[in-house]
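Chemist: Okay, here's the structure, questions in a sec.
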Amino acid sequence: MKQTRPGTAKPSAHPTPSPVLTPRTSRADSFTESVIREMTRLALAHNAINLAQGFPDFPCPQELKDAACAALNADFNQYAITWGAQDLRAAIAHRVEAYNGMVLDPEGEITVTCGSTEAMMASMLALITPGDEVIVPEPFYENYGPDAVISGAVPRYVPLGDGESIDEEAWKAAFTKKTRAIIINSPNNPTGKVFTPDELRFIADLCIEHDVIAITDEIYEHILYDGHRHISIGSLSGMEERTVTIGSLSKTYSVTGWRVGYALAGAGLTGRIRKIHDFLTVGAPAPLQQAAVAALNLPESYYRELARNYDRRRKILYKGLIKAGFDCRLPQGAYYIFTDISGFGMTDVAFARHLIETVGVAAVPGSSFYHKGGETKLRFTFSKKDETLHEACRRLEQIG
Ligand code: GLN
């Protein structure tokens, strides 16, 4: 082959591509990683007690472990039906009819998902056209922000309100011609608010008037205090066909790592949710779906005991926080205490770091529950053993 002298080569018609990827924007640039999960990593790195991420440090019921082992030994190793094992959907339908007052057809109205996280994401992807507005009551569980970005929704925030009732005028004003959905989360993470029957009826009427879907995250439905009762907005008249009810095994049965949740909706909405779910994950873990049937068959006394145990833990943490100088209230439901930290003279992120690094307790900075603001708040979970909470309270007394 004829050698080309240096400097005389013609430029190639196909220039060698640069090995360095050209940076472009992506939807992932529009939100940060989860602050809740980041706090867990920081807690691990500093050996701090993790009162940040809401998961139990105590075992799940023995019946669930036995059922999971039995399912593995019986070789439930392959995919379940993409929208959930038939017996699990039947068990969910049974339970939801008894507890939530909703009658669902397991064949066409129930989708088993990888936790409520996937149920929420799949529902939003399935039901929202980019540009649609979605009403998000604030403060909100941090996933809803990225869920909105990923699905192309334009979030419209309404205050959840500090008092006992929501501000009806503000909520009315949030509904526009572009509103496609509203996210309800009762009991609420992070505040513990349990929506009253009147509030839910008011929201339902707005949904009907404006032809809006309610996507309702009810993962804490069994963790209620002081006589508060759970009501599913989907059980209210006129809401049957315009509600997606999201639930999960995670909190009710203390198995957050199992990733078994569900989305309940009329057949029209479910058809769309199932398609998104199928291509996102194919399905939730098959052996754990079998174990979930055993969970749903636990007796009523299990749920009473769950709430009683959380009530005790709630009071331990509350007492410790008050003693340590936090301004807070006992929550009505769920397993968090949302505190005001104005008195400590530090903003939420700096204070959270200080607590992890020097006090040995992790919490979640309040700003991760707001689109703007929240720097005067910090969220603590009490989903931990009594002794873990007592030790955390002892450490919190050392705040300097
Ligand atoms: N819901 C829990 C919390 O708010 C855990 C969330 C999660 O990390 N998936 O802390």
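No lab work stands behind these numbers, since they all come straight from the coordinates. No experiment lies behind these values; they were computed from the predicted model shown. For neighbour counting, all protein chains shown are included, and Cβ atoms are generated from backbone atoms with ideal geometry for every residue, glycine included.
Chemist: What spacing in nm lies between the two simple spin-label points modelled at Phe279 and Val154, each 7 Å away from Cα in the Cβ direction?
Modeler: If labels sit at Phe279 and Val154, their model points lie 2.5 nm apart.
Chemist: Rg/Rh for the chain: what does it come to with C-alpha atoms and Rh from Kirkwood? Walk me through the numbers on the way to the answer.
Modeler: On the way: Rg = 23.6 Å, Rh = 22.6 Å.
Answer for the chain: 1.05.
Chemist: Still on this structure, please answer the following. Roughly how many debye, to the nearest 20, is the charge dipole of the chain about its Cα centre, given +1 on each Lys and Arg Cβ, -1 on each Asp and Glu Cβ, and no other charges?
Modeler: Values: 41 positive and 47 negative charges, 327 e Å.
Charge dipole, the chain, about its Cα centre: 1560 debye, nearest 20.
Chemist: Here is a further query. Report, in deg cm²/dmol and to the nearest 500, the calculated mean residue ellipticity at 222 nm for the chain, where each DSSP H run with n ≥ 4 adds -39500 (n - 2.57) and the sum is divided by the residue count.
Modeler: About -11500 deg cm²/dmol.
Chemist: Moving on. Report the gain in length on full extension from Lys323 to Lys385: 0.36 nm times residue separation, minus Cα-Cα distance, nm rounded to one decimal.
Modeler: Details: separation 62, 0.36 × 62 = 22.32 nm, distance 1.95 nm.
Value of the extension gain: 20.4 nm.
Chemist: Taking K and R as +1 and D and E as -1, what net charge do the other residues with C-beta under 14 Å from the C-beta of Asn100 add up to?
Modeler: Values: positive: Arg95, Arg229; negative: Glu97, Glu109, Asp217, Glu218, Glu221, Glu240.
The answer is -4.
Chemist: Under 15 Å from the Cβ of Ala45, count the other residues' Cβ atoms, weight Lys and Arg +1, Asp and Glu -1, and hand me the total. Mind dumping the intermediate values first?
Modeler: Details: positive: Arg37, Arg41, Arg353; negative: Glu38, Glu357.
Here the count lands on +1.
Chemist: Apply the Karplus curve 6.51 cos²θ - 1.76 cosθ + 1.60, θ = phi - 60°, to the phi angles in segment 258-272 and return the couplings in whole Hz, x for Gly and Pro.
Modeler: So the J values, rounded to whole Hz, are 6, 6, 10, x, 7, 10, 10, 6, x, 4, x, 5, 4, x, 6.
Chemist: For Tyr157, what residues show an amide H to amide H distance below 5 Å, using hydrogens built from the backbone and excluding near sequence neighbours?
Modeler: Val136
Chemist: Continuing with the same structure: What ranking do 93-105, 186-198, 72-84 get when scored by the average of other Cβ atoms within 10 Å per residue, highest first? Before the final figure, lay out each step's value.
Modeler: Details: 93-105: 16.1, 186-198: 23.0, 72-84: 14.5.
The peptides rank, most packed first, as 186-198, 93-105, 72-84.
Chemist: Moving to a separate point now. What list do you get for Leu42, Leu125 if you sort them by fewest beta carbons within 10 Å? Don't skip to the end; give the middle numbers.
Modeler: Numbers: Leu42 17, Leu125 20.
Taking fewest neighbouring Cβ atoms as first place, the list is Leu42, Leu125.
Chemist: Suppose R0 equals 25 Å; then what is the FRET efficiency for Arg272 and Ile208 from their Cβ-Cβ distance, rounded to the nearest 0.05? Before the final figure, lay out each step's value.
Modeler: Values: r = 20 Å, r/R0 = 0.81.
The value I calculate is 0.75.
Chemist: Take the alpha carbon atoms of segment 260-309, find their center, do the same for segment 331-373, and report the distance between the two centers in whole angstrom.
Modeler: Between the Cα centre of segment 260-309 and that of segment 331-373, the gap is 31 Å.
Chemist: In the neighborhood of Leu306, defined by Cβ-to-Cβ distances under 12 Å, what is the net charge if each Lys or Arg adds +1 and each Asp or Glu adds -1? Numbers along the way, then the final one.
Modeler: Numbers: positive: Lys251, Arg304, Arg308, Arg312, Arg313; negative: Glu221, Glu300, Glu305, Asp311.
Once all neighbours under 12 Å are counted, the net charge is +1.
Chemist: Also, I was wondering about something else. Quick one: length gained pulling Tyr303 to Tyr79 fully straight, 0.36 nm per residue minus the C-alpha distance?
Modeler: On the way: separation 224, 0.36 × 224 = 80.64 nm, distance 3.02 nm.
Between Tyr303 and Tyr79, full extension yields 77.6 nm more.
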